[in-house]
Structure formats: structure tokens, C-alpha cells
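Undergrad: Please see the structure below; I have some questions.
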Amino acid sequence: QVQLTESGGGLVQAGDSLRLSCAASRRTVGSYAMGWFRQTPGNEREFVAAIRWNDGSAYYADSVKGRFTISRDNAKNTVYLQMTNLKPEDTATYYCARTIYISSIDPTEYGYWGQGTLVIVSS
């Protein structure tokens with residue numbers, strides 16, 4: 001069992017930056033990926049970005065490409081989401097998750113989830 005804990009959300013203005021963190025309770029072996037998703041009330045969970053833990057390969061949703069950067073710190077078992085040039089439409093609860101697949105944008109393929117951290121971007 002792996003527990004994921006997000007932090008770093010908050011209220012910012014459009015154009016600001018914010019960094020989210022997701023700490024895993026323990027290190028695991030094997031190939032897997034960590035992802036960030038976001039969700040607003042009444043909507044489905046939306047893929048944002050993911051990173052393959054072994055080699056650091058990252059991929060992004062088109063809506064955040066060029067503005068968000070996902071990274072990992074192996075020693076800290078932590079994945080980050082650096083968000084820049086934030087827009088009001090980025091407002092959502094952000095979740096980190098882990099999948100056994102090395103690349104997936106499908107939330108149903110992620111088996112472990114954090115509790116979420118709220119990001120509000122005012123215009």
C-alpha cells in the first residue's frame with residue numbers, strides 16, 4: 001500500500017506560478033508512473049501530466065503544455081507539478097496518482113490517489 005499526500009495548493013492570481021508536491025509514503029520497485037489530474041465540481045477527472053519514474057520521461061495534456069512541468073525527486077519519493085502562467089480555467093482540485101503502467105492518461109488505470117489539493121486562480 002502506498003499513500004500519496006499532495007500539498008502546495010492555494011489562491012493565486014492569473015499569471016502567477018505555483019508548485020504542487022506529492023509525497024509517497026514509501027519507495028516501491030518496478031516500473032510505474034506518477035500522474036497529476038484535476039477535477040472541478042460536476043466534471044470528470046482530467047489528465048494533466050505524468051512522469052515515468054524510471055527514466056523521467058514526461059507527457060502533458062495539450063491544455064497545460066508549455067506552462068506546467070512535472071518532475072520527480074527519487075530520494076524524497078516526491079513528484080512535483082510546477083505551474084506557471086496560471087489561468088482561471090486551471091482552477092480545480094489537483095490529485096496525484098500512481099499507475100503500474102509506464103504511460104497512461106486514463107484515470108481508471110491509476111490505483112493509488114492522494115486526497116487532492118485545491119488551486120484557485122482568480123482573474
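The values are calculated or read from the model by the stated rules, or taken from the named source; none is laboratory data. Being a predicted model, the structure only gives us computed values, none of them experimental. FYI the Cβ positions are ideal-geometry reconstructions off the backbone, even for glycines, and counts take in every protein chain you see. Accessible surface is based on the protein model in full, side chains and every heavy atom, while ligands, DNA and RNA are left aside. Shrake-Rupley method; radii C 1.70, N 1.55, O 1.52, S 1.80 Å.
Undergrad: Antiparallel versus total DSSP beta bridges in the chain: what percent is that, nearest 5?
TA: Taking every DSSP beta bridge with both residues in the chain, the antiparallel ones total about 90 percent.
Undergrad: Continuing with the same structure: If I model a spin label as a point 7 Å beyond the Cα along the Cα-Cβ vector, how far apart are those points for Glu89 and Gln3 in nm?
TA: Between Glu89 and Gln3, the label points sit 3.7 nm apart.
Undergrad: A further question on this structure: Longest segment of the chain with no trypsin sites (Lys or Arg not before Pro) in a DSSP loop having at most 12 other Cβ atoms within 10 Å?
TA: 66-123
Undergrad: Counting only protein heavy atoms and using a 1.4 Å probe, what share of the accessible area of the chain belongs to carbon plus sulfur, as a whole percent?
TA: About 47 percent, which is the carbon plus sulfur part of the accessible surface.
Undergrad: Please compute the contact order of the range 48-93 in relative form: average sequence separation of alpha-carbon pairs under 8 Å and at least six residues apart, divided by the residue count, as a percent.
TA: 28
Undergrad: Please give the net charge around Asn43, taking every other residue with its beta carbon less than 14 angstrom from that of Asn43, where Lys and Arg add +1 and Asp and Glu add -1.
TA: -2
Undergrad: Dipole of the chain, Cα-centred, from +1 at each Lys and Arg C-beta and -1 at each Asp and Glu C-beta, to the nearest 20 debye?
TA: Using only the charged Cβ atoms, the result is roughly 380 debye.
Undergrad: On to the next question. Suppose R0 equals 25 Å; then what is the FRET efficiency for Leu118 and Asp55 from their Cβ-Cβ distance, rounded to the nearest 0.05?
TA: 0.20
Undergrad: For the range 1-54, what is the convex hull volume of its Cα atoms per residue in Å³?
TA: 125
Undergrad: Give the residue from Cys96, Ala75, Tyr59 lying farthest towards the positive end of the charge dipole for the chain; charges sit on Cβ (+1 for Lys and Arg, -1 for Asp and Glu) and the dipole is referred to the Cα centre.
TA: Ala75
Undergrad: Please compute P(r) over all alpha-carbon pairs of the chain, binned at 5 Å starting from zero, and give each bin as a whole-number percent.
TA: 2, 12, 24, 27, 19, 10, 4, 1, 0
Undergrad: Right, something else. Under 15 Å from a point 7 Å along the Cα-to-Cβ line of Leu11: which residues of the range 54-92 have their amide N that close?
TA: 91-92
Undergrad: Let me ask you something else. I'd like to check one number: the per residue accessible area of the chain, probe 1.4 Å, reported in Å² as a whole number.
TA: Solvent-accessible surface per residue comes out at 51 Å².
Undergrad: What distance in nm separates the simple spin-label points at Arg26 and Glu46, each placed 7 Å from Cα in the Cβ direction?
TA: So the two model labels end up 3.6 nm from each other.
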